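S.K.: One structure, pasted below without further comment.
The values are calculated or read from the model by the stated rules, or taken from the named source; none is laboratory data. Just so it is clear, the model here is predicted, and its values are computed rather than measured. Positions of Cβ are generated from backbone atoms using ideal geometry, with glycine treated the same way; all protein chains shown enter the neighbour counts. The accessibility values were calculated without ligands, DNA or RNA, using every heavy atom of the protein model including side chains. Shrake-Rupley method; radii C 1.70, N 1.55, O 1.52, S 1.80 Å.
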Amino acid sequence: DSVVLWTRLAVDPMSPEPMPPVKVPVRWEIAADERFGKVVRSGRRTTGPELGHSVHIDARGLDAGHDYFYRFRVGDYVSATGRTRTAPGSERRLNRLSFAVTSCQSYQAGYYTAYQQMSRDDLGFVVFLGDYIYELPLGSVRQHGLPPSVTLDDFRRHYAAHHADPQLPAAHAAAPWI
């Protein structure tokens, strides 16, 4: 009956200071339809520099075994819409379940064509095993130009570089990740 939503605000994700050092109110919405005609849960959280301008929502009281759509709002800015789903209830028998398993992605070592396919498939969820990013400049296919990660801000820039490839955020928006 629940999903966990996460986002991080960043006006300039690759900057050492991606956001002004102020508190920011963030609205979140979960809807039963992609056009948000039937919002079933919503709320407001304030985030700031002490949280890296991130927002974590543990939305409860949803119907089991349902698809939902979510988004975040800051002022006039509205995030891209993501799709998530709750696990089926214990009384429901599953005849079919499609999911993907992925691990150890390296931006520098290749392209995210597998994520492109995941975003097209009707997956129940994605299970991620292994390293989400590599903090060292390994690989020769493409470069993001960042030095090795040492500080928290360095790691955040590496995450931002990985998410600059549109296939990764598309896969995150298409199905829940575990």
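S.K.: Any residue in the range 156-178 that's part of a helix (DSSP H, G or I): show its pairings with residues that are open to solvent by 10 Å² or more (accessible area, probe 1.4 Å) and acidic (Asp, Glu) at Cβ separation under 7 Å, as long as the two are six or more apart or on different chains.
M.R.: As it stands, the answer is 158/135, since those pairs meet every condition given.
S.K.: Now for a different question. Within the range 156-178, restricting attention to residues that are under 28 Å from residue 2 (Cβ atoms) and open to solvent by 60 Å² or more (accessible area, probe 1.4 Å), which residue is nearest to the chain's Cα centre (by Cα)?
M.R.: So the residue we want is 163.
One line per residue, one yes/no per condition, for (1) under 25 Å from residue 17 (Cα atoms); (2) in contact with a strand residue (DSSP E or B) (Cβ under 8 Å, 6 or more places away or on another chain); (3) in a loop (DSSP other than H, G, I, E, B):
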position	(1), (2), (3)
58	no, yes, no
72	yes, yes, no
89	no, no, yes
92	no, no, yes
101	no, yes, no
105	no, no, yes
119	no, no, no
128	no, yes, no
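S.K.: Among the residues in the range 78-87, are any assigned to a strand (DSSP E or B), at negative phi and free of Cβ contacts under 8 Å to residues at least 24 places away in the same chain?
M.R.: Among the residues of the range 78-87, at least one is assigned to a strand (DSSP E or B), at negative phi and free of Cβ contacts under 8 Å to residues at least 24 places away in the same chain, which makes the answer yes.
S.K.: Do we find that residue 151 is open to solvent by 20 Å² or more (accessible area, probe 1.4 Å), farther than 22 Å from residue 2 by Cβ and polar (S, T, N, Q) in this structure?
M.R.: Yes; evaluated as a whole, the condition is true for this residue.
S.K.: Can you name the condition, by its number, that residue 33 falls short on among (1) surrounded by 11 or more Cβ atoms within 10 Å (Cβ to Cβ); (2) more than 25 Å from residue 129 (Cβ to Cβ); (3) out of contact with any strand residue (DSSP E or B) (no Cβ under 9 Å at 6 or more places or on another chain)?
M.R.: Result: residue 33 fails condition (3) only.
S.K.: Take the residues of the range 98-125 that are in contact with a His (Cβ under 8 Å, 6 or more places away or on another chain) and within 16 Å of residue 169 (Cα to Cα): which is modelled with the lowest pLDDT?
M.R.: Taking the candidates together, the pick is 105.
S.K.: Any residue in the range 32-49 that's free of Cβ contacts under 8 Å to residues at least 12 places away in the same chain and on the phi < 0 side of the Ramachandran plot: show its pairings with residues that are surrounded by 11 or more Cβ atoms within 10 Å (Cβ to Cβ) and part of a loop (DSSP other than H, G, I, E, B) at Cβ separation under 7 Å, as long as the two are six or more apart or on different chains.
M.R.: Close Cβ pairs satisfying both conditions: 38/32.
S.K.: Of the residues in the range 88-123, how many are more than 25 Å from residue 8 (Cβ to Cβ) and either basic (Lys, Arg) or surrounded by 16 or more Cβ atoms within 10 Å (Cβ to Cβ) (or both)?
M.R.: 4
S.K.: Given the criteria closer than 14 Å to residue 71 by Cα, among the acidic types (Asp, Glu) and open to solvent by less than 90 Å² (accessible area, probe 1.4 Å), does residue 12 qualify?
M.R.: Judged against the criteria, residue 12 is not a match.
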